Amino acid sequence: MRTAYSVETVRAAERELMARLPEGTLMARAAAGLAAVCAQLLARRRGRVYGSRVVVLAGPGDNGGDALYAGARLARRGAGVTAVPMDPGRIHPGGLAALRAAGGRLAESVPARADLVLDGLVGIGGRGGLRPAAAALARAVPAGALVVAVDLPSGVDADTGEVAGPAVSADVTVTFGAYKPGLLTDPGASRAGAVRLVPIGLDLPEPAEMEALQHADVAGLLPLPAASSDKYRRGVVGVVAGSEQYPGAAVLAVAGALRGGAGAVRYVGPAADAVLARHPEVLVGRGRVQAWVVGPGLGSARAADVERALADRDVPVLVDADGLRGLDPAVVRGRRAATLLTPHAGEAAALLGVPRESVEAGRLAAVRELAGRYGAAVLLKGSTTLVASGGVVRVNATGTPWLATAGSGDVLSGLAGALLAGGLSGVDAGSVAAYLHGLAGRFAADGAPVVAQEVAAALPQAWRSVRT
């Protein structure tokens with residue numbers, strides 16, 4: 001499992017380690033790892049490090065020092081390294097001395113040409129967008145240069161991923177000791193490019209502030225049938241979805257549920273004919289279930305269906321789309337079984353009573369607030385899908401922009417509901433469903449436009465891929 005830690009936690013671990021090591025050891029480890037990654041990137045781009053043109057954008061703190069020491073290492077391998085300080089009077093003295101000793105030089109402005117630019121302007125303690133001097137250097141990065149951020153892109157909030165003003169957009173981010181939440185959460189994640197972790201020996205606590213499941217984690221959570229299983233022991237998921245206007249939502253939610261591991265799917269709603277035409281194995285009508293999925297394409301006239309599902313406090317319920325309208329936090333908090341809410345940014349904004357823009361800009365804060373307010377697991381859909389419950393926040397590592405298509409969320413809801421019926425907790429059902437859904441989207445799209453029914457059809461391939 002990939003884990004991410006807050007700035008405060010990382011700083012505390014750094015202080016504890018530095019107290020036991022000779023001065024400068026931690027910076028040397030970071031610089032060595034950073035230089036190694038840069039050398040690999042230059043070798044791929046130019047075939048060698050020797051003769052490469054490297055620019056170091058050096059801020060006044062340790063982040064700038066890391067970049068300067070890494071620049072010195074690259075200079076000793078034959079790269080032409082130029083450092084441009086954000087504030088010449090406050091440049092890291094040790095890093096500058098090392099760079100000059102290795103043959104690097106200092107300049108007042110960014111050269112017009114470069115193969116690689118090291119962004120060492122602002123470290124993980126920075127808040128808000130870049131100040132004018134730093135923003136000017138970031139804007140001067142030569143076209144075509146590979147941008148490598150030191151620990152995180154300058155201007156990105158390390159704890160939240162928020163970008164409050166000008167910020168660097170990196171091709172690669174080399175982060176030290178631990179991933180930071182802002183590297184895994186949009187909008188910061190979209191600025192980070194490919195993220196490479198350099199271990200520096202930190203002793204970090206458990207649990208982390210953020211988790212990202214990997215294949216092995218998902219494989220370990222999947223509800224798999226035993227030799228003695230029948231369809232009822234595997235779980236029955238009920239789907240309350242669809243309307244005369246949106247019958248396809250019911251078809252797609254059922255499609256996701258059928259491929260989510262449940263033994264049977266029971267459909268309740270006005271789109272039974274459309275559902276049975278596509279999925280003849282579905283049961284129609286109310287009956288005993290191990291979890292409910294309510295809301296996809298439901299319309300505003302069937303609020304009683306949502307209320308009925310939530311009123312059974314001992315059965316897990318997933319609430320999506322139209323089911324989220326006017327949702328009462330007291331009702332959700334009063335339930336004993338798991339409740340999983342699956343809003344997109346607009347629906348989350350309505351639940352929180354804030355503009356959609358504020359949710360998009362602060363996704364991590366929004367999902368935490370929703371989980372706390374409703375006492376539920378919350379899956380916030382979007383460019384980076386987040387799942388929160390209590391103190392745990394998971395970020396989904398799979399997906400493709402092609403998943404931004406009508407009906408994709410209905411498939412996800414059915415899939416997550418089936419996982420709930422299979423016995424997973426709200427946070428596990430949401431995060432496993434998001435992971436499989438993202439993989440299925442990649443397989444189905446394969447670099448081209450995709451429709452929701454193709455995503456559902458690719459779910460078995462996604463299951464197989466995490467188990468091999």
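What is the distance in Å between the Cα centres of the stretch 84-156 and the stretch 1-44?
First find each Cα centre; the distance between them is then 18 Å.
Quick one: Debye curve from the alpha-carbon atoms of the stretch 116-248 only, equal weights, vacuum; give me log10 I(q)/I(0) at q = 0.14 Å⁻¹ to two decimals.
Normalising to I(0) and taking log10 leaves -0.71.
In what sequence, largest accessible area first, do S169, S408 appear using a 1.4 Å probe?
Numbers: S169 70, S408 5 Å².
Ranking S169, S408 by accessible area, largest first, yields S169, S408.
Could you work out the relative contact order of the stretch 91-228, using alpha carbon pairs under 8 angstrom and six or more residues apart, expressed as a whole percent? All intermediate terms of the calculation are to be shown ahead of the outcome.
Details: 217 pairs, mean separation 24.9, N = 138.
Reported relative contact order: 18 percent.
If you take every residue apart from L137 with its C-beta less than 15 Å away from the C-beta of L137, what net charge results, scoring Lys and Arg +1 and Asp and Glu -1? Intermediate values should be presented prior to the final figure.
Numbers: positive: R90, R131, R139; negative: D87, E108, D119.
Taking every other residue near L137 into account, the sum is 0.
Can you list, largest first and rounded to whole Å, the semi-axes you get for the stretch 275-348 by taking the square root of 5 times each eigenvalue of its Cα gyration tensor? Mind dumping the intermediate values first?
Values: eigenvalues 90, 54, 23 Å².
Over the Cα atoms of the stretch 275-348, the semi-axes work out to 21, 16, 11 Å.
At a 10 angstrom cut-off on C-beta neighbours, averaged per residue, how do the peptides 368-379, 329-340 rank from highest to lowest? Let's see the in-between values first.
Working: 368-379: 22.2, 329-340: 16.6.
Result, highest mean Cβ count within 10 Å first: 368-379, 329-340.
Residues of the chain: accessible area per residue at 1.4 Å, in Å²?
Per-residue value: 40 Å².
For the chain, find the longest principal axis of its Cα atoms and tell me its angle to the long axis of helix 426-445, 0 to 90°, nearest 10.
Result, in degrees: 80.
If r is the Cβ-Cβ distance from H215 to S383 and R0 is 30 Å, what FRET efficiency results, to the nearest 0.05? Display every interim value, and only then the final one.
Values: r = 21 Å, r/R0 = 0.71.
That pair, H215 with S383, gives E of 0.90.
Please give the helix 247-258 orientation as an angle from the longest Cα principal axis of the chain, in degrees from 0 to 90, rounded to the nearest 10.
Tilt of helix 247-258: around 80 degrees.
Sort D62, D410 by heavy-atom solvent-accessible area, probe 1.4 angstrom, most to least. Please list the in-between numbers first.
Values: D62 100, D410 25 Å².
Largest to smallest exposure gives the sequence D62, D410.
Which of [x] 5, 20, 26, 20, 15, 10, 4, 1; [y] 4, 15, 19, 20, 17, 13, 8, 4, 1, 0; [z] 4, 17, 20, 17, 13, 12, 11, 5, 1 is the computed P(r) over Cα pairs in 10 Å bins from 0, in percent for the structure on display?
[x]
Once the convex hull of the C-alpha atoms of the stretch 14-106 is built, how many Å³ does it hold per residue, rounded to a whole number? Spell out each step's value before the answer.
On the way: hull volume 8.0 nm³, N = 93.
Each residue corresponds to 86 Å³ of Cα convex hull volume.
So what's the angle, to the nearest 10 degrees on a 0 to 90 scale, between helix 7-18 and the longest Cα principal axis of the chain?
Taking the Cα atoms of the chain, the angle to 7-18 is about 50 degrees.
Leaving ligands, DNA and RNA out of it, report the carbon-plus-sulfur percent of the accessible area of the chain at a 1.4 Å probe.
Exposed carbon and sulfur together represent 51 percent of the surface.
Tell me, what is the percent relative contact order of the chain, built from C-alpha pairs under 8 Å that lie six or more residues apart? Numbers along the way, then the final one.
On the way: 1116 pairs, mean separation 58.5, N = 468.
Taking the mean separation of contacting Cα pairs over the length of the chain, I get 12 percent.
Quick one: in the stretch 197-314, what % of C-alpha pairs are over 20 Å apart? Spell out each step's value before the answer.
Details: 3700 of 6903 pairs.
Result for the distance tail: 54 percent.
Taking the Cα centre of each part, how many Å lie between the stretch 403-434 and the stretch 303-341?
Between the Cα centre of the stretch 403-434 and that of the stretch 303-341, the gap is 16 Å.
With all protein chains present and a 1.4 Å probe, how do D230, D119 order by accessible area, largest first?
Details: D230 65, D119 0 Å².
Result, largest first: D230, D119.
For the chain, what proportion of DSSP beta bridges, expressed in % and rounded to the nearest 5, is antiparallel?
On the way: 11 of 57 bridges.
Given both bridge residues lie in the chain, the antiparallel proportion sits at roughly 20 percent.
The values are calculated or read from the model by the stated rules, or taken from the named source; none is laboratory data. Because the structure is predicted, anything quoted here is derived from the model rather than measured. Every residue, glycine as well, gets a Cβ built from its backbone with ideal geometry; the counts of neighbours run over all protein chains shown. Accessible surface is based on the protein model in full, side chains and every heavy atom, while ligands, DNA and RNA are left aside. Shrake-Rupley method; radii C 1.70, N 1.55, O 1.52, S 1.80 Å.
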